[in-house]
Amino acid sequence: AQRVALARTLVRRPSVLLLDEPLAHVGASVASTIRASLIREVRRLGSAVLYVTHDVTEACLVADRIMLLDSGRCLQIDTARMLYAQPSSIEVAHLMGIPNIVSGTVESVDEVRWGTVTYSIPAPHGTKPGDVQISIPPENIHLTPSAPYSVIGRHGQIISASFVRSHMSYDVETEIGTLVVHTPDTSTPFEVGA
């Protein structure tokens, strides 16, 4: 039914197309096929599309630019890559699926202090010295295989480990809180308690 409805709409060659949750009640494998066909046809027709979805992964797959809304309020508009790399707020970071939000202090343009350690990381343009909330994607944190294990230069203890198809997901308790870490190595996982 979804395929037929989209085909009927696209055959009219609309210059602007509004799609409200077009894949909401479709199984994952069928949704993938419909999504690929939709993207191909929209590009071929040169139509502008406003695509409404609550699924962030779907938005990242189909959108050139994403507008994140919360209770009717626009939080940020950008490419999926920029929304993930430089969310403008904690709400945007959470909506983009970033679980690690830590408090820190910007000391200069390239220095951020978390607890007792200062890291040399570039701050987004216009960031002023002072207290900040920092989002850290789970794949940007690396566990070292040598004892003691460390997370972003800190010691921690793995309190849970889960196999998630393409990666391992760990919850690591550190002095700055519990951090979620994703590692691509699924063949030699770290053990809980390490």
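See the values below:
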read-out	value
In region 58-73, residue farthest from I34 (Cα to Cα) [restricted to those that are hydrophobic (A, V, I, L, M, F, W, C) and open to solvent by 70 Å² or more (accessible area, probe 1.4 Å)]	L69
Complete set of residues in region 22-32 that are part of a helix (DSSP H, G or I) and open to solvent by 70 Å² or more (accessible area, probe 1.4 Å)	A28, S29
Sole residue being modelled with pLDDT of 95 or more and more than 28 Å from A1 (Cα to Cα), chosen from Q133, Q86, Q76	Q76
Flag for V106 being assigned to a strand (DSSP E or B), at pLDDT below 90 and surrounded by 14 or more Cβ atoms within 10 Å (Cβ to Cβ)	yes
Scope region 1-21; condition within 19 Å of G46 (Cα to Cα) and part of a loop (DSSP other than H, G, I, E, B); matching residues	V11, R12, R13, P14, S15
Test result for S169, open to solvent by 50 Å² or more (accessible area, probe 1.4 Å), modelled with pLDDT of 90 or more and within 16 Å of A194 (Cα to Cα)	no
Residues located in region 109-132, provided they are part of a strand (DSSP E or B) and more than 16 Å from T178 (Cβ to Cβ)	E111, V112, R113, V117, T118, Y119, S120, G130, D131, V132
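The values are calculated or read from the model by the stated rules, or taken from the named source; none is laboratory data. Model, not experiment: these values are computed from the prediction. For neighbour counting, all protein chains shown are included, and Cβ atoms are generated from backbone atoms with ideal geometry for every residue, glycine included. In case anyone asks, the SASA skips ligands and DNA or RNA and just uses the protein heavy atoms, side chains included. Shrake-Rupley method; radii C 1.70, N 1.55, O 1.52, S 1.80 Å.
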